[in-house]
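Asker: Just dropping this structure here.
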Amino acid sequence: MGRQLEPDLAVWIERVEGAIHGDEVCASEVLDSAALLARRLGLERRPASIAVGVGVALEDVLRELSISVPTPFTRKLIAVLSDAHSLGTREEVEDRYQRTIRDGSPIVSLEDRAVIGFLVGPSSSDALDAMVGRLLRESIAAAAPDLAIDVFGADPPDDRFFQTMAALTKAEQGAHLRKIVICGVPDASRAAEQLDRFGGDPKKLRLVERVNDYIAEKIR
């Protein structure tokens, strides 16, 4: 327990004593504080044993002070610590997965012809913004006139996606591009309507059903 509880040990003891004597506010504060601590440990990828050990160690300290903690309260505290740690662990895994998707989605450069990015997994504004930024940098470096995004392996495009693509046709950052190509959309007619609704420049936009067809066209 040591370093985890020392700064607030007196407060914890006071609240636990209140909880033991039926103070629901104190009981709620103890459980809330325990949950926050355990969740943070989960987010930091610390072992579950440390989170559960907080409850056990607190009970040991109270016993040394001749304060008897009812077993039901101890069980509840340990259950809260365990559940909150599991929540923090899941959140950390999900966040790590999203970072991997955001920073690791593949980009292919067809020399000075086109750069193609492949969006995969759950749709998110962070993943889309990161992909567009990487594609713009790569297209400038390769002097490629076409920028393409394949969405076949991602969630169906939403308004945010179409708004971003439409804005890119008029953005200064995309002024060097001849075409912005969207591959793999499940409904091309709806996609065209959405791009038009958000003010996309139809002269710069192109929809292609299969990214393989687009690649084959570019490497002929």
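Asker: Taking E44, is it of a type outside the set (G, A, S), within 30 Å of S125 (Cα to Cα), modelled with pLDDT of 80 or more and out of contact with any Ser or Thr (no Cβ under 8 Å at 6 or more places or on another chain)?
Answerer: Considered against the rule, which asks whether it is of a type outside the set (G, A, S), within 30 Å of S125 (Cα to Cα), modelled with pLDDT of 80 or more and out of contact with any Ser or Thr (no Cβ under 8 Å at 6 or more places or on another chain), E44 comes out as yes.
Asker: Provide a single number: the residues in segment 110-121 that are without any contact (Cβ under 8 Å) to a residue 60 or more places away in the chain and out of contact with any Asp or Glu (no Cβ under 6 Å at 6 or more places or on another chain).
Answerer: Counting residues in segment 110-121 that are without any contact (Cβ under 8 Å) to a residue 60 or more places away in the chain and out of contact with any Asp or Glu (no Cβ under 6 Å at 6 or more places or on another chain) gives 6.
Asker: Does at least one position in segment 77-88 carry a residue that is touching a residue at least 12 places away in the same chain (Cβ under 8 Å), under 20 Å from I180 (Cα atoms), surrounded by fewer than 19 Cβ atoms within 10 Å (Cβ to Cβ) and in contact with a Lys or Arg (Cβ under 9 Å, 6 or more places away or on another chain)? Explain how you work it out, then say what you get.
Answerer: Looking only at segment 77-88, we keep the residues that are touching a residue at least 12 places away in the same chain (Cβ under 8 Å), and these are 77-78, 80-88.
If we keep only those that are under 20 Å from I180 (Cα atoms) as well, we get none.
Scanning segment 77-88, I find no residue that is touching a residue at least 12 places away in the same chain (Cβ under 8 Å), under 20 Å from I180 (Cα atoms), surrounded by fewer than 19 Cβ atoms within 10 Å (Cβ to Cβ) and in contact with a Lys or Arg (Cβ under 9 Å, 6 or more places away or on another chain), so the answer is no.
Asker: Turning to a different aspect of this structure: Of all the residues that make up segment 187-220, how many are surrounded by 18 or more Cβ atoms within 10 Å (Cβ to Cβ) and in a helix (DSSP H, G or I)?
Answerer: Counting residues in segment 187-220 that are surrounded by 18 or more Cβ atoms within 10 Å (Cβ to Cβ) and in a helix (DSSP H, G or I) gives 6.
The values are calculated or read from the model by the stated rules, or taken from the named source; none is laboratory data. The shown structure was predicted, so the numbers you read here are calculated from the model rather than taken from an experiment. Cβ sites come from the backbone with ideal geometry, for glycine too, and all protein chains shown count toward neighbours.
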